[in-house]
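Structure, as structure tokens:
The values are calculated or read from the model by the stated rules, or taken from the named source; none is laboratory data. Keep in mind it's a predicted model, so treat the numbers as computed, not measured. Note: ideal-geometry Cβ built from the backbone for every residue, glycine included; neighbour counts use all protein chains shown.
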Amino acid sequence: MQYRNYGKTGYQVSAFGMGCMRLPRIVQGDEAQVDREKAYEMIRYAADHGVTYFDTAYGYHNKTSEEVLGEALEGGRREKVKIATKQPFGIMEDLSTGGGKTILENARRNLENTLKKLRTSYIDMYLIHNIQKSTWDDIKKNKIIEEYEKFRAEGMIKGIGFSYHGQFPTFKDVLEFYSWDMCQIQQNFVDVEKEATAEGIHLAGKKGCALVIMEPLRGGLLAAPPVQVKAIYDEYPVKRPAVEWAFRHVLDYPEVSTILSGVSTLEQLKENLEIFSKPDAVPGCLSADEKQILARVKTKYDSLASIPCTACEYCLPCPQGVNIPGVFARYNDGAMFGSFEPPRRSYMFMTRGKQDASFCAACGACEKKCPQHIGIIKELKTAHEALKGWVE
Ligand code: SF4
Ligand code: SF4
């Protein structure tokens, strides 16, 4: 296993970080739960084979991921690894759940629950989960970071970080506002210039902030390329599985501390560990020719998108709250990568947020504003049919 510096914390972590949001599941009808025996086996296998970084969150797997991770690591492994977990501002704000009368009391109560579920007395890295442009001002106003500092002073957490899914300007604001110990962002070779972007990676590195990458395989979509993409990989003299190409794109950045992979089977885990243990799985691992291959693969993927939405957001806001570009992005993911399963899961979260295509009332307001002249109402229906039905 390759190891890398974890920002200014002074310690190193495994370049492979085990993400605990796609653990093996048992689905029965409309219910799904973690297959605990399989999950324990995978987590313990990882911890016993050099993985020292585990990532979870309060909400993953219907709030059971932390518990499963804690149970798996209990009995000697917990002390050998670093655990990162996250609390979203949304659940701090939700005062209806009992146990807290204020946002800060809620935040503390939720952390106490997390510690119990993880069967530990401290969290190595505690994140504000998914900071967004729309929540950032409230996070500052409610002094959430100051409360995290109290948690740290009391020994409940060791480091303070955040995860982020929005655009670069807000990422820069958040990063520069505070001396964070770490930040967690999405990066993969198809989305180099989306979300926090490569510039965000360099900025975090300059600040000495540990950088954790999520979605290096785009929710697993980059693991099984369609034939048109596979043909490009096959041209290269060195033969590698598609997952290795995708991992090498993020391994190439010297600023990256650890790369999260949300493995769902022991076989996937073993394949990932092999890749991250190669002597050349290090910063600067991509040659100019290899970067060319990845650029061509990205162009090919882009050409497979079926709805020409540019995410300009001119069609927003929708009076019914439909996240039109979000729906189209998920549908295009399914079309581009040849599998609707990962986007279905992410669409389920849009449904929970009442932003999915089923809320469209066909008022037509959005279609008049779309510079791409997309038949939005019709395309939303098509996308909904393809994306609905994930249970968790
Ligand atoms: S047509 Fe549907 S998606 Fe478009 S603005 Fe009206 S309700 Fe929203
Ligand atoms: S206006 Fe059209 S192109 Fe822009 S986000 Fe909306 S649907 Fe996509």
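For this structure, a couple of remarks:
- Residues that are among the polar types (S, T, N, Q), assigned to a helix (DSSP H, G or I) and surrounded by fewer than 20 Cβ atoms within 10 Å (Cβ to Cβ) within segment 33-73 comprise just one, Asn62.
- Residue in segment 148-171 that is surrounded by fewer than 16 Cβ atoms within 10 Å (Cβ to Cβ), modelled with pLDDT under 95 and outside any loop (DSSP other than H, G, I, E, B) present: yes
- Whether a residue is modelled with pLDDT of 95 or more, within 15 Å of ligand 1 (Cβ to nearest atom) and more than 20 Å from the chain's Cα centre (by Cα) was assessed, and Ile307 does not pass this test.
- Yes/no for Ile293 being in contact (Cβ under 8 Å) with a residue 24 or more places away in the chain and either within 12 Å of ligand 2 (Cβ to nearest atom) or over 24 Å from Val190 (Cα atoms) (or both): no
- Applying the condition of being among the small types (Gly, Ala, Ser) and within 16 Å of Lys63 (Cβ to Cβ) to segment 73-99 and asking which residue is modelled with the highest pLDDT yields Gly90.
- Those helices (runs of 4 or more DSSP H) of segment 303-392 in which at least 1 residues are surrounded by 18 or more Cβ atoms within 10 Å (Cβ to Cβ) and within 9 Å of ligand 2 (Cβ to nearest atom), considering only elements entirely within it, cover 324-337, 365-369, 376-387.
- Residue in segment 122-133 that is assigned to a loop (DSSP other than H, G, I, E, B), in contact (Cβ under 8 Å) with a residue 24 or more places away in the chain, surrounded by fewer than 19 Cβ atoms within 10 Å (Cβ to Cβ) and hydroxyl-bearing (Ser, Thr, Tyr) present: yes
- Long-range neighbours under 6 Å by Cβ, at least six apart or interchain, first residue under 14 Å from Ala329 (Cβ atoms) within segment 357-383, second within 10 Å of ligand 1 (Cβ to nearest atom) and in a loop (DSSP other than H, G, I, E, B): Leu380/Cys360
- Residue match in segment 214-237 (condition: hydroxyl-bearing (Ser, Thr, Tyr), in contact (Cβ under 8 Å) with a residue 12 or more places away in the chain and over 23 Å from Phe276 (Cβ atoms)): no
- Pairs where the first residue, in segment 64-83, is in contact (Cβ under 8 Å) with a residue 12 or more places away in the chain and the second is part of a helix (DSSP H, G or I) and among the aromatic types (Phe, Trp, Tyr), C-beta under 6 Å, 6+ apart: Ala72/Tyr40
- Tally of residues being in a helix (DSSP H, G or I) and over 28 Å from Val34 (Cβ atoms) across segment 270-290: 3
- Looking only at residues of segment 311-344 that are in contact with a Lys or Arg (Cβ under 7 Å, 6 or more places away or on another chain) and within 16 Å of ligand 1 (Cβ to nearest atom), we find that the one that is farthest from Cys366 (Cα to Cα) is Gly321.
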